[in-house]
Structure formats: structure tokens, C-alpha cells
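What follows is a set of notes on a single structure, which appears directly below.
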Amino acid sequence: MIEIEAVTVRFGGLIALNEVSARLTAPVAGIIGPNGAGKTTLMNVVSGFITARSGRVMVEGADFLRLAPHRRAQKGLRRSFQREQIADDLTVLENVLVQTDWSLTGWGAKRA
């Protein structure tokens, strides 16, 4: 379970998230809402791409905001983006592998 408690994010004078709280109890969850509602900002906080000014994100009782983004992924956090993108400097295989869930395959650990 992911518990988001009173998360606030500001970009200069703009308050993007104002004490947002939510409880995600399903193994796979989505957030919907109108443009500008703060969905991407909230997911960026949970994923570790931006830092909240205040609040907490707890996963199974552990403080998730203290973890680096790659550690969050290792603990099972996955996210999808509105638009798939490829990296021009990677091969087709490498682009596919970037999207692979290594925790399920174990293949990445063997190649590293």
C-alpha cells in the first residue's frame, strides 16, 4: 500500500500540489484528472524526480521519500508515461530492454 500524506510542491510562487493525500491499496493503480490538476507532479514526487516541500510518501510503512529513484524502482515502483519514447542512440534491443521489468526476468542481473 502507498500512503501519500499532505504532499505540497511549489514551483516559485505556484503551488502545484497543496497538501495532497491519497491511499493506493491496489497493486496497480492509476490517477486521472483534468489537465493541470497535478497528476504528473504527484507521480514525479512518488518516483523521486522532484522533491516535495512537505509531506510524506509511505510504502508498506517505510518512508519512500528518503530513497533514491532507482531504489524506489528496486522496491517495485513502476510508472508509465503518456507517450512512449525511444532513445536514438540505443539499438532496438536496448530500447526494449530499458522497458523490461528486471525484477521479473532476472536477466539484467546476469548481463551486468
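The values are calculated or read from the model by the stated rules, or taken from the named source; none is laboratory data. Quick caveat, the model's predicted, so the values are computed rather than measured. Ligands, DNA and RNA are excluded from the accessible area calculation, which covers all protein heavy atoms including side chains. Shrake-Rupley method; radii C 1.70, N 1.55, O 1.52, S 1.80 Å.
Maximal additional length on extending the Arg53-Val28 stretch stands at 6.4 nm, based on 0.36 nm per residue less the C-alpha distance. Ordering Leu14, Leu77 by accessible surface, largest first, gives Leu14, Leu77; the 1.4 Å probe counts only protein heavy atoms, with every chain in place.
Straightening the chain between Arg66 and Leu14 buys 16.3 nm, computed as 0.36 nm per residue apart minus the Cα-Cα spacing.
Starting from the Cα gyration tensor of the range 1-87, take the square roots of the eigenvalues, sort them a ≥ b ≥ c, and report rounded, prolate or oblate (rounded when a/c is under 1.5, otherwise prolate if a/b is larger than b/c, else oblate). Rounded, since a/c falls under 1.5.
Met1 sits with roughly 80 Å² accessible to a 1.4 Å probe, with DNA, RNA and ligands left out of the calculation.
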